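The structure appears right after this line, and notes come after that.
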Amino acid sequence: MSELSFEQMLEESLKTIRKGEVVTGTVIAVKEDEIVLNIGYKADGIISRSEYTNTPNVDLRELVKAGEELQAKVLKVNDGEGQVSLTYKRLAQEKGSKRLEEAFNNKEVLKAEVAKALDGGLSVIVDETRIFIPASLVSDSFEKDLKKYEGQEIEFVITEFNPKKRRVIGDRRQLVAAEREKLQKELFAKIKEGDMIEGTVKNITDFGLFIDLGGVDGLLHITEMSWGRIESPKKLYKVGDSIKAMIKEINGEKVALTLKFPESNPWLNAAEKFAVGNVIEGKVARMTDFGAFIEIEAGIDALLHVSQISKAHVEKPADALKIGQVITAKVVDFNEEQKKISLSIKALDETAEAETEETVAEEEADE
């Protein structure tokens, strides 16, 4: 029997491998786009960047360190340069596919980081397997900006699993809806009308604010924001603002809020301040053909009828007054029950004339 050379003995001592085989190796070098593995074979194993991860342009040196142990699958025993071509990604995908199939069958809740926000939904990756969550299944309400989810860890369930078509669909909406329903029950069990409650501005419209109270959205209507007049909620609030309000009404799952607290009601002492005969100042708030409404205090408007603007004939209020103009007038009528107050500039002028005539008469009598 002929003796074997050292090279032959060394070659025979090394294992043989074949395409498709799963091998375990130790990382001996890492480059930006390549990992070199010692797999106990006569040639080293090479994992390219595209065969390690689905993430493009990533620096592999940030993900893998020399000395780590990795499992990979053989793509080619000889890649043309005498090295073994390996894939880590495809092996992970195979494992991931089995993992996702189990999660699909068991309706398991998964957690993963959002890799990218697309036009039609979110893309998340579990064990190098991409899962698509359509925009309609991201939340239980319309989400205009999906970009905010990028890099965020979210929970979801698999509702469709078709590896042949590479179609795996996730659903976050049902989890959000279930959590919201739980919070709703907890909240409605402890709140009642008249309670003070704190929430966060979720959405702003021309007619008011929707405030997240924790599982329930409360409506703060523009007419309930102040005893005075509010031009636009958008000028006063922004999404994310914290607001403490009072629960005005609970109607089923609808909660109406108010910032018009009873103790600050301007009508509480209005009878004394605006008694008939009192002379007061106010600002022209708005005008109609029949008169002008004068804001005499935040939350209280009084009517200055067109016939009471001047002794001279005034065709319409805009001929004599301007919005924002401060005027002085006399209170000629006060109806607390109907919350109506009437003013007159003409009566004030007539009083002034009468006083002037009386003064003149007294001076003439003294002469």
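Rounded to the nearest Hz, the phi-derived 3J(HN,Hα) couplings of segment 233-244 under the Karplus curve 6.51 cos²θ - 1.76 cosθ + 1.60 (θ = phi - 60°) are x, 5, 7, 9, 10, 9, 4, x, 5, 8, 10, 10, where x marks glycine and proline.
Structure remark: mean-square fluctuation, Gaussian network model of the chain, C-alpha springs under 10 Å; the largest value among LEU343, LEU137, LEU100 belongs to LEU343.
Across segment 281-288, computed HN-Hα scalar couplings (Karplus, 6.51 cos²θ - 1.76 cosθ + 1.60, θ = phi - 60°) run 10, x, 10, 5, 9, 7, 10, 10 Hz from first to last residue, x flagging Gly and Pro.
On the chain, 48 percent of the accessible area sits on carbon and sulfur atoms, based on a 1.4 Å probe. Between GLU253, GLU81, GLU155, the residue with the greatest mean-square fluctuation in the GNM of the chain (Cα pairs under 10 Å linked by springs) is GLU81.
5 Å is the cut-off here: which amide hydrogens, built 1.01 Å from N in the peptide plane, fall below it relative to THR159, excluding neighbours closer than 5 in sequence? Close amide H contacts, sequence-distant or interchain: ILE169, GLY170, ASP171. Phi angles across segment 331-347 convert, under the Karplus curve 6.51 cos²θ - 1.76 cosθ + 1.60 with θ = phi - 60°, into 3J(HN,Hα) values of 6, 10, 7, 9, 10, 5, 4, 8, 6, 10, 10, 10, 10, 8, 7, 4, 5 Hz, Gly and Pro given as x.
Spin-label pair LYS316-ASP79: with each label point 7 Å from Cα along the Cα-Cβ axis, the two points sit 8.4 nm from one another.
Ranked by the mean number of other Cβ atoms within 10 Å of their residues, highest first, the peptides 38-45, 276-283, 56-63 fall in the order 38-45, 276-283, 56-63.
Build a GNM of the chain with springs between Cα atoms under 10 Å: which of LYS98, LYS144, LYS89 gets the top mean-square fluctuation? Looking only at LYS98, LYS144, LYS89, the largest GNM fluctuation is found for LYS144.
Annotation: per residue accessible area for segment 232-359 equals 59 Å², rounded to a whole number [probe 1.4 Å, protein chains only].
When the surface is traced with a 1.4 Å probe over the full set of protein chains, MET287 keeps roughly 60 Å² accessible. The solvent-accessible area of ASP289, taken with every protein chain present and a 1.4 Å probe, is close to 130 Å². With the charge dipole of the chain set up from +1 on Lys and Arg Cβ and -1 on Asp and Glu Cβ about the Cα centre, the Cα lying farthest toward the positive end among the listed residues THR87, ALA66, LEU348 is that of THR87. Over segment 54-130, consider all pairs of different Cα atoms and compute the Kirkwood hydrodynamic radius from their mean reciprocal separation; express it in Å, one decimal. Taking every pair of different Cα atoms in segment 54-130, averaging 1/r and inverting gives 15.0 Å.
Straight-line cross-link partners of LYS248 among the aspartates and glutamates, defined as a Cα under 18 Å from its Cα and at least 8 positions apart when in the same chain: GLU193, ASP195, GLU198, ASP212, ASP217, GLU224, GLU263. Placing a pseudo-label 7 Å from each Cα along the Cα-to-Cβ vector at ALA285 and SER141 gives an inter-label distance of 3.0 nm. Are there any chymotrypsin sites (Phe, Trp or Tyr not before Pro) in segment 78-185 that are in a DSSP loop and have at most 16 other Cβ atoms within 10 Å? List them by number. Answer in residue order: PHE142. Within a straight-line Cα-Cα reach of under 20 Å, LYS42 can be paired with the following lysines, leaving aside sequence neighbours fewer than 8 residues apart in one chain: LYS15, LYS19, LYS73, LYS76.
Amide hydrogen proximity for ARG229: with H placed 1.01 Å from N in the peptide plane, the residues at 5 or more positions away or on another chain lying under 5 Å are GLY299. Pull up the cross-link candidates among the lysines for LYS107, meaning alpha carbon to alpha carbon under 19 Å and not fewer than 8 places away within one chain. Excluding near neighbours in sequence, the set is LYS95, LYS98. Taking 27 Å as the limit for the C-alpha separation, the pairs LYS238/LYS339; LYS111/LYS182; LYS260/LYS346 exceed it in the case of LYS238/LYS339; LYS260/LYS346.
The rule of thumb for compact globular proteins, 2.2 N^0.38 Å, goes into the C-alpha radius of gyration of segment 7-123 1.27 times.
May I ask for the angle, rounded to the nearest 10°, between helix 89-106 and the longest principal axis of the chain, with both axes built from Cα atoms and the value confined to 0 to 90°? The angle comes out near 60 degrees. Just add up the charged neighbours of GLY199: K/R +1, D/E -1, any other residue whose Cβ is under 11 Å from the Cβ of GLY199. Residues close to GLY199 contribute a combined charge of -2. Solvent-accessible surface of segment 67-106, taken per residue with a 1.4 Å probe and all protein chains present: 58 Å².
For the chain, the mean residue ellipticity at 222 nm estimated from helices alone is -6000 deg cm²/dmol, where every DSSP H run of n ≥ 4 contributes -39500 (n - 2.57) and the total is divided by all residues, rounded to the nearest 500. Tell me, how many Å apart are the Cα centres for segment 270-304 and for segment 145-169? Taking the Cα centre of segment 145-169 as reference, the centre of segment 270-304 is 60 Å away. Amide H contacts of GLY121: ALA135, each under 5 Å away and 5 or more positions distant or on a separate chain (H built 1.01 Å from N in the peptide plane; Pro and chain starts excluded).
What translational diffusion coefficient, to the nearest whole µm²/s, does the chain have by Stokes-Einstein, given a Kirkwood radius computed over alpha-carbon pairs, a temperature of 10 °C and 1.306 mPa s viscosity? Each step should come with its number before you reach the end.
Details: Rh = 28.6 Å.
The diffusion coefficient I find is 56 µm²/s.
For segment 111-187, the solvent-accessible area works out to 60 Å² per residue, with a probe of 1.4 Å and every protein chain left in place. How would you classify segment 195-308 from its alpha-carbon gyration tensor, with a ≥ b ≥ c the square roots of the eigenvalues: rounded for a/c under 1.5, else prolate if a/b is greater than b/c, otherwise oblate? Prolate, since a/c reaches 1.5 and a/b exceeds b/c.
The values are calculated or read from the model by the stated rules, or taken from the named source; none is laboratory data. Predicted, not measured: the structure shown is a model, and the values here were computed from it. Backbone-built Cβ (ideal geometry, glycine too); neighbour counts: all protein chains shown. Calculation scope for accessible area: heavy atoms of the full protein, side chains included, ligands and nucleic acids excluded. Shrake-Rupley method; radii C 1.70, N 1.55, O 1.52, S 1.80 Å.
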